[in-house]
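In what follows, a single structure is set out as structure tokens and then discussed.
The values are calculated or read from the model by the stated rules, or taken from the named source; none is laboratory data. What you are looking at is a predicted structure, and each value in this text was computed from that prediction instead of being measured. Quick reminder, even Gly has a Cβ in these numbers, built from the backbone with ideal geometry, and neighbours come from all protein chains shown.
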């Protein structure tokens, strides 16, 4: 058997410790499948004394993790520290610059710096792998790069954040409000102490930008992802969606379309959608990820599984290591960086959609007429309008509207007409209905 593939591991949190345990448990199996043994030779983390439940005594310890890139006894650097910049990015640049392959689970770093890192990897003829950066243990990047590589991808979309999916599906099952379920998610470890990246859609947007680049051969463009989180949702929205035959899920969706000058443009959006109850994504509950890829010959492909956790994420990391051991270098984004297209951001205004609009309004005469008039003047056709309950006279009530299909720009125009109205007690909430 060939010489071992030697690994330096930066970051010994739950995933890093999981990588060590996985390689220990399945070492012989990994060696057979990789064609050579895989062994960890060096590790680094912030606290050398912390008990991580694994034996670190047999590995060389580096207090400065960036030094691992220059070790002569290392073939592959695994970065599990996180953060789009700082030490993680320095390590990644140094490793690739030193001719060592890099495996990372760092979706923020890839979303912000993936193209530059891919150029370094291509120049050094080494691998840059990041399967674990999107959907944890779900092999969706490999599915796009390899399984669906013969297809023109028409659309990629899905549930990309387990924290949000746990919160929304729990609200749906229990009738509880957002803040209450968020606190529970934090206690259970599904949400961070500062959950902003998750609940405001930023984490999912990082992942979507990576998937879109691979799916459509586009230069990665995270800043162009339209992003809205779930923090404004109420239990009443979940209830209203259910009455209409939908569930609410945070969905990331990307596709391409022709721009005004005939060029390909890239549409990327992360926001809560009303998903029909018979759609595969409607049945995805708890801290689970699911991605749908639509190919022109393969049709609809569904990738589903645990989107986080030490075992699933470590599995994706080690799968990348096995590919490197087999000699799989390849272009990180399926095609060389210089072949990726610089697709402009798509203009979403003309896209046709059905919408759910929720207004919190003062309970007084004329409010419904004011909303209906704005919709009419903007060319929005109303399918249904429901006033939810009645509190004390003069209090706040909820008005929900579902529109017929129409251009997104029309809804934007209607909301602009209502902007500043004293009848509205807070900005309206707009959710699109996901088509089947």
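Quick one: would you say residue 327 is exposed (fewer than 15 other Cβ atoms within 10 Å of the Cβ), over 23 Å from the mean Cα position of the chain (by Cα), part of a helix (DSSP H, G or I) and modelled with pLDDT under 95?
Here the answer is no, as residue 327 does not meet what is asked.
So residue 354 clears everything in (1) touching a helix residue (DSSP H, G or I) at 6+ places or on another chain (Cβ under 8 Å); (2) more than 27 Å from residue 14 (Cα to Cα) except one condition, right? Which one?
Failing condition for residue 354: (1).
Scan the range 174-217 for residues that are more than 29 Å from residue 294 (Cβ to Cβ) and without any contact (Cβ under 8 Å) to a residue 40 or more places away in the chain and report the count.
18
Of all residues being touching a strand residue (DSSP E or B) at 6+ places or on another chain (Cβ under 7 Å) and either without any contact (Cβ under 8 Å) to a residue 40 or more places away in the chain or outside the structural domain of residue 165 (by TED's automatic domain parsing) (or both) in the range 267-297, which is nearest to residue 164 (Cα to Cα)? Just the residue, please.
Looking at the filtered set, the residue picked out is 282.
Considering only the range 332-351, state which residues are touching a strand residue (DSSP E or B) at 6+ places or on another chain (Cβ under 9 Å) and within 25 Å of residue 130 (Cα to Cα).
The answer is 332, 333, 340, 341, 342, 343, 344, 345.
Hey, can you tell me all the residues within the range 9-63 that are part of a helix (DSSP H, G or I) and in contact (Cβ under 8 Å) with a residue 40 or more places away in the chain?
Once the filter is applied, which keeps residues that are part of a helix (DSSP H, G or I) and in contact (Cβ under 8 Å) with a residue 40 or more places away in the chain, the range 9-63 yields 14, 15, 16, 17, 18, 19, 21, 22, 23, 30, 33, 34.
Within the range 277-310, count every residue that is out of contact with any helix residue (DSSP H, G or I) (no Cβ under 6 Å at 6 or more places or on another chain) and closer than 30 Å to residue 39 by Cβ.
Qualifying residue count for the region: 2.
Inspect the range 352-359 for any residue being under 29 Å from the mean Cα position of the chain (by Cα) and either farther than 23 Å from residue 232 by Cα or in the same structural domain as residue 115 (by TED's automatic domain parsing) (or both) and give the result as yes or no.
Yes: one or more hits.
Can you find, within the range 352-378, the residue that is surrounded by the most Cβ atoms within 10 Å (Cβ to Cβ) among those that are part of a loop (DSSP other than H, G, I, E, B) and in contact with a strand residue (DSSP E or B) (Cβ under 7 Å, 6 or more places away or on another chain)?
The residue in question is 363.
Which numbered condition in (1) in contact with a helix residue (DSSP H, G or I) (Cβ under 9 Å, 6 or more places away or on another chain); (2) over 24 Å from residue 281 (Cβ atoms); (3) in a loop (DSSP other than H, G, I, E, B) is the only one that residue 135 fails?
It fails just one condition, (2).
Which one of the conditions (1) within 17 Å of the chain's Cα centre (by Cα); (2) in a loop (DSSP other than H, G, I, E, B); (3) crowded, with 23+ Cβ neighbours inside 10 Å does residue 205 fail to meet, given that it meets all the rest?
With respect to (1) within 17 Å of the chain's Cα centre (by Cα); (2) in a loop (DSSP other than H, G, I, E, B); (3) crowded, with 23+ Cβ neighbours inside 10 Å, residue 205 is out only on (2).
List pairs: first residue in the range 99-117 and in the same structural domain as residue 225 (by TED's automatic domain parsing), second residue part of a helix (DSSP H, G or I) anywhere in the structure, Cβ distance under 8 angstrom, at least six positions apart or on different chains.
none
Taking residue 143 as the residue in question, decide whether it is in a loop (DSSP other than H, G, I, E, B), within 23 Å of residue 328 (Cα to Cα), within 18 Å of the chain's Cα centre (by Cα) and touching a residue at least 24 places away in the same chain (Cβ under 8 Å).
Taking the combined requirement at face value, the residue does not satisfy it.
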